[in-house]
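What follows is a set of notes on a single structure, which appears directly below.
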Ligand SMILES: *Cc1c(COP(=O)(O)O)cnc(C)c1O
């Protein structure tokens, strides 16, 4: 079986650094928001290239607290994509704002910036571009529209730590950049974790207060906040891993290149397109194939852990029923939802495994053609 991700292999590489770091935390008696969290905030801000970073419980909270700190709420509209993980719109829902969906570009699966302006109304307050699968959105166009209409930009970088657009890291273009350290992400911990990165001191202070029960001073509470602290064990693990992220991302890029070569002569497999201006960190390596659902099933039967991200676009999810979005609203999103298939992708993947994945995929596509006829 070749899994889509094998976290154990990465652990073996760093175990002799992670284990003493975790033991030190356990012996210290200080378990939440201590020196590891503080240091991680500095190291993360330095890595991404912002003045500040605030660590918290998850990427979902990073998005949600960014919206809160920018005073986005009831009656406000936030433009984002339906081709993403549900957490993106969940954050909009938590603050009682309204999601407005923009269609995607079929080559990059990212927000189609040319379709943004038509969606702007007097209620529009923010845009949440999602750097999906590790590739940066067209930030020049997005920032130009945001500037012209005076909108906030909150970047969902949960799949894209280390990715760049025109040499600049994602998370540094908009007002707030949001990251997740969920175990399957490019920089994943061994539990939940997340962070925002930003340059504005006031917004930073507000997020710091919101993440810890809505007050800057302990036992003095100015507004309803949440409990979204990060624990020291996760912070210690992330501090061990952060120095490796560029090396791991480079390996992912090499694997993507290798897959591209393996599929070069196979017309049935549409390989992911990387734009000249971007440095993609391949959180996923996502192809488009015919008879996708049959192929997916055959792959699993043949020991290849492929996955569909995501099988139902967000505008058609039950959670958004009350907005009355109809099928046909986002044709490119809806088409691509039926075609995409993500293949095994992680730094430790071997060339041999990639060859097996490619050969199995090509075989499964051939087989699917007969099956699709009956
Ligand atoms: C993982 C993810 C999130 C949410 O992160 P959590 O840490 O799981 O809350 C948000 N947006 C995208 C695009 C993600 O992939």
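Fewest-first ordering of 139, 26, 190, 56 by other beta carbons within 10 Å of each residue's beta carbon gives 26, 190, 139, 56.
Going by the alpha-carbon gyration tensor, a ≥ b ≥ c the square roots of its eigenvalues, is segment 12-69 rounded (a/c under 1.5) or, if a/c is not under 1.5, prolate (a/b greater than b/c) versus oblate? Numbers along the way, then the final one.
Numbers: a/c = 2.10, a/b = 1.73, b/c = 1.22.
Taking the square roots of the gyration eigenvalues as a ≥ b ≥ c, segment 12-69 is prolate.
From the square roots a ≥ b ≥ c of the eigenvalues of the alpha-carbon gyration tensor of segment 23-123, which class results: rounded (a/c under 1.5), prolate (a/b over b/c), or oblate? Here segment 23-123 falls in the prolate category. Placing R0 at 30 angstrom, the Cβ-Cβ distance between residue 218 and residue 46 gives a FRET efficiency of 0.60 after rounding to 0.05. Note on the chain: GNM, Cα springs under 10 Å; of 349, 262, 116, the largest mean-square fluctuation is that of 262. Applying Stokes-Einstein at 37 °C and 0.692 mPa s to the Kirkwood radius of the chain, computed over alpha-carbon pairs, gives a translational diffusion coefficient of 153 µm² s⁻¹.
Please order 131, 320, 221 by the number of other Cβ within 10 Å, starting at the fewest. Before the final figure, lay out the partial values.
Numbers: 131 29, 320 19, 221 14.
Going from sparsest to densest Cβ surroundings: 221, 320, 131.
Computed on the chain, with alpha-carbon pairs under 8 angstrom and 6+ residues apart, the relative contact order is 22 percent. How would segment 251-307 be classified by its alpha-carbon gyration tensor: rounded, prolate or oblate, with rounded meaning a/c under 1.5 and the a/b versus b/c comparison settling the rest? Judged from the Cα gyration tensor, segment 251-307 comes out prolate (a/c at least 1.5, a/b above b/c).
The Stokes-Einstein estimate for segment 172-266, based on a Kirkwood radius over Cα pairs and taken at 4 °C with 1.567 mPa s viscosity, is a diffusion coefficient of 81 µm²/s.
The alpha carbon radius of gyration of segment 282-374, expressed as a multiple of 2.2 N^0.38 Å, is 1.26.
If contacts are Cα pairs under 8 angstrom and at least 6 residues apart, what is the relative contact order of segment 25-179 in percent? Walk me through the numbers on the way to the answer.
Numbers: 268 pairs, mean separation 30.6, N = 155.
That works out to 20 percent.
With neighbours defined as other Cβ atoms within 10 Å of a residue's Cβ, the residues 222, 268 order from fewest to most as 222, 268.
Tell me, what is the percent relative contact order of segment 296-367, built from C-alpha pairs under 8 Å that lie six or more residues apart? Could the numbers behind the result be given before it?
Numbers: 47 pairs, mean separation 29.0, N = 72.
Here the relative contact order equals 40 percent.
Restricting attention to the chain, close to 60% of DSSP beta bridges with both partner residues there are antiparallel. Eigenvalues of the alpha-carbon gyration tensor of segment 133-193, scaled by 5 and square-rooted, set the equivalent ellipsoid semi-axes at 24, 12, 7 angstrom, largest first.
Quick note: the coordinates plus some simple rules give every number you see, no bench work behind them. Predicted, not measured: the structure shown is a model, and the values here were computed from it. Here the Cβ is made from the backbone with ideal geometry for all residues, glycine too, and neighbour counts use every protein chain on show.
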